[in-house]
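The values are calculated or read from the model by the stated rules, or taken from the named source; none is laboratory data. Everything numeric in this text was worked out from a predicted model, so none of it was measured. Glycine gets a Cβ as well: all are built from the backbone with ideal geometry, and neighbour counts include every protein chain shown.
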Amino acid sequence: MIPDDGDLTCWLRHGRGMIGLGVAHRGSFNCAARAENWWRELVRRATIKVDPGVSDIDMAGPVAFLSFPFAAQGTYEMVVPKVVIGRDENKGWITAWNGSTWNPPASTPKPHRSLTFHPDGLDHDHWICAVDHILERIDHGDVDKVVLARAEIAESDQDIDIAGLVTRLATTYPQTWTFAVAKLIGATPELLVRSSRGQVASRVLAGTIDPSHDEASAQALRTSGKDLAEHEYAVASVARGLSDHVTNLKVPDCPFVLRLPNVMHLASDITATAKPGSTAIRLADAIHPSAAVGGTPTSVATAIIEQIEPVDRGRYAGPVGWVNAAGDGEIGLALRCGMIDAHRARIFAGCGIVADSSAQAEWEETVAKLRPMKQALTPA
């Protein structure tokens, strides 16, 4: 059971990872470089002691959780917990920032009894019109791919129990990275970048089908020209973003099918060796926004998004994860997620629109992608 705390942070997968309790330091910035400099200065002044028994684990020792915006002009959040409880396959640890302690809250949040959902921005008819507009721009040769997103508002009769929400996401979607940073909660299947002692990895997802959990559906996804094209744009953009910062870049020839409870994705795992000074934050900043969440070409696609999406994405589809004192870490994309504000949650889903996209099919894909957060928010 995850402890209840209004400042809960976490990064969990397959029952392993970290839970951060309380806040020792928090910072908001206007760019990734300033966020990283702030963390580097905190580390420089900190007293760092790591148990030799867990010194081989990147998560053991001081860590900062981060949540960056989709758009460069947004707010870059960094949170350093007072206490971090961690666990990997074989070992557990506790990290206290400069000797901090954490006291559990005096009361436990009450489960909400009711929840209502309504569109925020693009309803069904406006979504269809927006996709048709993008397809016209694609037909005219202005752009190859645009990732269109929509939001829904969930309203509860009581404050939403963040710890309960995180527990349900981590239990139902163990293959994903469940995260909580500055009230942005979700379970993402996409790893933007992992940096670990000179080794770099990225899991790129693009191309989706609502699964019937059979091999025929997986084969249909593998051979879909529309989904393969969407995936190729995303892989190429990540490889291009990494190229100046790494060596030994290896990009798979063919994607594999990642099966999740709500959807199946085409996925590719890219690996490389980091050049000196290429920290996790710098690598993420170089890649983002990839074609998986923005489009191709990036500048044209993001301009279209600004024109036709009526709701500010904020930190949805932005980098989210953690970094350690050495600058290594894991940073995903904030997908299958929502912003929690007391008794309200704004949840998001998006789809990549390419030449062969169907507006109605893309709408149905967003319905499938909203399912994890809707299920986790809905009272049992």
Original post:
Would you call T296 modelled with pLDDT of 95 or more and touching a Phe, Trp or Tyr at 6+ places or on another chain (Cβ under 6 Å)?
Top reply: yes
**OP:** Would you mind listing the strands (runs of 3 or more DSSP E) fully within segment 114-200 where at least 1 residues are of a type outside the set (D, E) and modelled with pLDDT under 95?
**Re:** 115-120, 145-156
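I want to confirm something. Restricting to segment 40-72 and keeping residues that are among the acidic types (D, E) and in contact (Cβ under 8 Å) with a residue 24 or more places away in the chain, which single residue is surrounded by the fewest Cβ atoms within 10 Å (Cβ to Cβ)? Talk me through it step by step, then tell me what you get.
Keep residues of segment 40-72 that are among the acidic types (D, E), which gives 41, 51, 56, 58.
Checking which are in contact (Cβ under 8 Å) with a residue 24 or more places away in the chain leaves us with 51, 58.
Details: D51: 13, D58: 20.
In this case the residue turns out to be D51.
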**OP:** Among the numbered conditions (1) more than 16 Å from G241 (Cα to Cα); (2) hydrophobic (A, V, I, L, M, F, W, C); (3) buried (at least 21 other Cβ atoms within 10 Å of the Cβ); (4) touching a Pro at 6+ places or on another chain (Cβ under 6 Å), tell me where V354 comes up short.
**Re:** (4)
**OP:** Would you check if V354 is under 21 Å from L122 (Cα atoms), at pLDDT below 95 and not charged (D, E, K, R)?
**Re:** no
Subject >> Pick from segment 206-225, criterion closer than 17 Å to A355 by Cβ and in contact with a strand residue (DSSP E or B) (Cβ under 8 Å, 6 or more places away or on another chain), ranking: surrounded by the most Cβ atoms within 10 Å (Cβ to Cβ) >> reply: A206
Original post:
In segment 343-366, which residues are over 16 Å from H265 (Cβ atoms) and assigned to a helix (DSSP H, G or I)?
Top reply: A359, Q360, W363
**OP:** Taking A239 as the residue in question, decide whether it is more than 23 Å from F65 (Cα to Cα) and in contact with an Asp or Glu (Cβ under 7 Å, 6 or more places away or on another chain).
**Re:** no
Original post:
If only one of A301, A317, A272 is in a loop (DSSP other than H, G, I, E, B), in contact with a strand residue (DSSP E or B) (Cβ under 7 Å, 6 or more places away or on another chain) and either at pLDDT 95 or above or among the charged types (D, E, K, R) (or both), which one is it?
Top reply: A317
**OP:** Look at A149 and say whether it is aliphatic (A, V, I, L, M) and either out of contact with any helix residue (DSSP H, G or I) (no Cβ under 9 Å at 6 or more places or on another chain) or surrounded by fewer than 16 Cβ atoms within 10 Å (Cβ to Cβ) (or both).
**Re:** no
**OP:** Go through segment 14-39 and count every residue that is in contact (Cβ under 8 Å) with a residue 60 or more places away in the chain, surrounded by fewer than 19 Cβ atoms within 10 Å (Cβ to Cβ) and within 24 Å of A286 (Cβ to Cβ).
**Re:** 1
**OP:** Could you tell me whether segment 317-331 includes any residue that is touching a Lys or Arg at 6+ places or on another chain (Cβ under 7 Å) and farther than 20 Å from V79 by Cβ?
**Re:** no
